[in-house]
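Below is one structure, written out as structure tokens; the observations come after it.
The values are calculated or read from the model by the stated rules, or taken from the named source; none is laboratory data. Just so it is clear, the model here is predicted, and its values are computed rather than measured. Note that each Cβ is placed from the backbone with ideal geometry, even for glycine, and that neighbours are counted across all protein chains shown. Keep in mind that these areas ignore ligands, DNA and RNA; they rest on the heavy atoms of the full protein, side chains included. Shrake-Rupley method; radii C 1.70, N 1.55, O 1.52, S 1.80 Å.
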Number of protein chains: 2
Amino acid sequence: MSSVVDDGDLTARAGIRNAALRLFAERGHDAVTVREIATAAGVSPALVVHHFGSKDGLRAAVDTHAIDAFDRVFAELDDHDVAEMLTGGEATTSVAEAFSRMLPPGSPLPAYLRRLLLTNDPAGAAIFGRWFGATRRLLDAMVTLGAARPSDDPDVLAAFLLVNDLAVILLRNQIATAIGDDPLTPAGLDRWAKQATAVYLEGAFAAPPAQPPEAALNKPNAPIEPPEEAPS
Amino acid sequence: MSSVVDDGDLTARAGIRNAALRLFAERGHDAVTVREIATAAGVSPALVVHHFGSKDGLRAAVDTHAIDAFDRVFAELDDHDVAEMLTGGEATTSVAEAFSRMLPPGSPLPAYLRRLLLTNDPAGAAIFGRWFGATRRLLDAMVTLGAARPSDDPDVLAAFLLVNDLAVILLRNQIATAIGDDPLTPAGLDRWAKQATAVYLEGAFAAPPAQPPEAALNKPNAPIEPPEEAPS
DNA sequence: CACGATGCTGAACAAGCGTTTAACATACTG
DNA sequence: CAGTATGTTAAACGCTTGTTCAGCATCGTG
């Protein structure tokens, strides 16, 4: 056993990249030092720079590696979705489900996706744009096949469905403590999918009993963060 | 004019806290230096430490300040929601709507909430837990009033509705470029609320035309991230 | 007026950071 | 076998970081 992380027979380069992926995902780029990455990978700090040029070069390599994996997951999901639609299976297949199915349980990739979308990183914007386009196209296909109701604002509807899916990954930890199941495990995923499917098929709310329609709307509220705040 | 930021007549202490709030929200705690905060607030770096003890003390002060504002927004939303429910107004009132209504347009608070929820910060976990409890109680109330359909897993349903709402704030920038409207402005919010309300009232998908019910389910897929990866 | 708080600063410090450099193995190549 | 890439390291460098310190105004209070 070398130390710290048992990577099997990985190249040192790949080992560094994987260690960096995990640490970046857990704590963010800036909070992780080159020395920590090197220790986690069982190599010297100088080797990190030798292989990736600089810490930022390593960041870029990790980014492309992760984005590649993400797009493979999403592509798989896309096919799966169309197949399910055609065979009359479940109504929806979620990004979260694809992540849970295709990634090993302890994978740092969900957390890395969170960091990628959180920082206003152009790579995160690019991946979101691609996924939005795919969702939009899928929604159109479902409408023409009669599997989804047509909308007067399909862009917003597609974005709504996509971000609802992504929220499961972004807020994974909070959801887990709230409902008592990690939503990226089969058990949690099942509970989540049941409720989501129900809402997407029938809705969640009912129109109120029957009363005067326009009542208290647009009453102005005092802003909570006025231009000048009380000094603490 | 002093410099950089015109804060009106703020205490230096409050000015530092506000500058830190904005910088932390934009770039994250670790990527911001004490010197940058001091410059943005128009004071010397030493004064930052003098008022808050340390950079981490400043972080804590900013945290409590922000969390206080968040909870005020959410409490307002809660009241508003109940009121709307009773008067038979709109079916839903979203967290995003409350943020948009109660915060000035350029406020750093949405971005700070994003950082708080996505960095596994215990403060973020606490605020999510509180909001989840409130959502759960609101959902129960709506069910007894006949405004929401009863669910066999109300915890998950409440979490689903809450994280869908939060996703608008978390992915604000990506949504803005995807749909062409910032979802925290009145225009974008209106488009978003229309689609969300439609889905929550009637659903988004239709049951497939009518076909064999169980078809291709649980077919095993090759994991995309095998234990040992190809060295790049 | 004296005087202790209070607010605030410039200069400096130790520590930690990313990175560089020179050197050492190891292994393929002619 | 010499020679040259390749992988790897220990040690050090320069810079930035958070923080400290001594001192300067300002000001309400006895």
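How charged is the neighbourhood of A:ARG35? Take every other residue with its Cβ under 15 Å from the Cβ of A:ARG35, and add Lys/Arg as +1 and Asp/Glu as -1.
Net of charged neighbours comes to 0.
Work out the mean other chain Cβ neighbour count within 10 Å for the residues of B:174-186 and drop it here as an integer. Don't skip to the answer; put the middle values down first.
On the way: counts 13, 7, 1, 4, 14, 8, 2, 2, 0, 4, 0, 0, 0.
What the average comes to for B:174-186 is 4.
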> Quick one: label points 7 angstrom along Cα→Cβ at B:HIS50, distances to the other copies in nm, smallest first?
Replying inline: 5.0
> In 5 Å bins starting at 0, how do the alpha-carbon pair distances of region B:64-201 split up by percent?
Replying inline: 2, 9, 19, 24, 21, 15, 8, 2, 0
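Across peptide B:190-197, what mean number of C-beta atoms from other chains lies inside 10 Å of a residue's C-beta?
Numbers: counts 1, 7, 6, 1, 5, 11, 4, 2.
Mean inter-chain Cβ contacts per residue within 10 Å come to 5.
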>> If packing is taken as the average count of other Cβ atoms within 10 Å, what order do A:22-29, A:44-51 fall into, highest mean first?
In response: A:22-29, A:44-51
> Excluding B:PRO154 itself, what net charge comes from residues whose Cβ is under 15 Å from its Cβ, given Lys and Arg +1 and Asp and Glu -1?
Replying inline: 0
>> Can you compute the FRET efficiency between B:ASP79 and B:ALA31 using 1/(1 + (r/R0)^6), with r the Cβ-Cβ distance and R0 = 51 Å? Round to the nearest 0.05.
In response: 0.85
> Shortest first, in nm, what separates the label point of B:THR177 from those of the same position in the other copies (7 Å along Cα→Cβ)?
Replying inline: 3.2
> Per residue of B:147-156, what is the mean number of Cβ atoms on other protein chains within 10 angstrom of that residue's Cβ?
Replying inline: 5
>> Please compute the contact order of region A:64-202 in relative form: average sequence separation of alpha-carbon pairs under 8 Å and at least six residues apart, divided by the residue count, as a percent.
In response: 26 percent
>> Between A:ASN120 and B:LEU145, what's the calculated FRET efficiency when r is the beta-carbon distance and R0 is 41 Å? Round to 0.05.
In response: 0.50
>> For A:GLY133, place a label point 7 Å from Cα along the Cα-to-Cβ direction in every copy; what are the distances to the other copies, in nm, shortest first?
In response: 4.6
>> Counting protein heavy atoms only and a 1.4 angstrom probe, how many square angstrom of accessible surface do chains A and B bury in total, to the nearest 100?
In response: 8500 Å²
